[in-house]
Amino acid sequence: MKSNYAQLDDIRLHYIEAGEGPLMLFVHGFPEFCYAWENQLSEFSKDHHAVALDMRGHNLCDSPAQQEASRYMLWLRQPKAAAKLLENDCARLVDMLSKTAADPRWLTSDLLARYREAWTQPGALEASLNFYRASPLRPAGSPLGGHPPTPEEPGPAALQLDPADFTVRVPTLVIWGERDTALLPGLLDGLEALVPDLTVKRIADGSHWVIHERPDEVSRLIREFLDNPD
């Protein structure tokens with residue numbers, strides 16, 4: 001497994017990679033970092049060019065200079081831009097919907113040391129929190145600066161969301177830990193309206209940290225999905 005850097009738009013991108021073949025990108029959530037996918041890189045590098053990104057402001061990836069640079073669209077564009085940089089526009093994407101820290105009970109001592117190192121990088125925590133500060137969806141009273149809507153800053157009230165803009169038109173696998181107390185299983189209800197080609201796999205005893213708790217099962221489910229997309 002190799003650690004590499006590349007210049008991507010306004011930031012220097014850090015990523016780890018292994019293997020050869022079709023590109024498979026792994027994207028973490030907050031406050032994870034690229035090594036959260038270490039087990040999956042070991043598995044999928046057998047027949048893929050498996051790449052796990054440090055997203056902007058996390059670990060060894062450059063931190064945006066301003067809060068504005070942390071906005072969601074820049075975050076969402078990073079995997080696509082990374083795929084082009086790696087000379088493959090048709091990457092398989094594995095994304096982690098993770099918004100809370102990995103539970104230390106599920107981390108090896110080596111990985112826990114890596115987490116500590118990642119989050120003591122200069123500016124890493126501030127840049128990651130700016131990702132949330134830049135969102136108009138902060139609730140009133142949030143410690144990140146949420147407040148009731150005003151005419152000058154209407155917040156969520158100003159959003160005009162068209163479901164067509166969020167429709168995912170590629171075959172998609174969702175792996176969900178049913179004991180997740182941060183993102184409840186009810187969030188899956190109605191998801192097929194936005195993801196027509198949807199496969200959901202539930203892990204009954206999995207929590208919010210299912211990739212750490214059940215790394216082999218997560219890899220197996222991804223492998224089965226890739227081998228049998230229909």
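The values are calculated or read from the model by the stated rules, or taken from the named source; none is laboratory data. All values derive from a computational prediction rather than experimental measurement. We place every Cβ from the backbone using ideal geometry, glycine too, and count neighbours over all the protein chains shown. Side chains included, ligands, DNA and RNA excluded: accessible areas come from the protein's heavy atoms. Shrake-Rupley method; radii C 1.70, N 1.55, O 1.52, S 1.80 Å.
Identify all residues within segment 13-37 that are closer than 15 Å to G57 by Cβ and touching a His at 6+ places or on another chain (Cβ under 6 Å); write none if there are none. Don't jump to the end; show me each part of the working.
At the first step, the residues of segment 13-37 found to be closer than 15 Å to G57 by Cβ are 13-15, 27-34.
Correct list: F33 only.
Does L41 fit the bill of being in a helix (DSSP H, G or I) and either of a type outside the set (G, A, S) or modelled with pLDDT under 90 (or both)?
On the way: in a helix (DSSP H, G or I): yes; either of a type outside the set (G, A, S) or modelled with pLDDT under 90 (or both): yes.
So L41 fits the description; yes.
With open to solvent by less than 50 Å² (accessible area, probe 1.4 Å), at pLDDT below 70 and in contact with a Gly (Cβ under 8 Å, 6 or more places away or on another chain) as the only criterion, which of S98, S128, S135 stands out?
Values: S128 fails: at pLDDT below 70; S135 fails: in contact with a Gly (Cβ under 8 Å, 6 or more places away or on another chain).
Within the list S98, S128, S135, the selection yields S98.
Tally time: how many residues in segment 174-215 are within 25 Å of A50 (Cα to Cα), among the acidic types (D, E) and under 19 Å from the mean Cα position of the chain (by Cα)?
Number satisfying all stated conditions: 1.
Is segment 207-216 home to any residue that is open to solvent by less than 70 Å² (accessible area, probe 1.4 Å), part of a loop (DSSP other than H, G, I, E, B), at pLDDT below 90 and in contact with a strand residue (DSSP E or B) (Cβ under 6 Å, 6 or more places away or on another chain)?
Yes, the conditions are met somewhere in segment 207-216.
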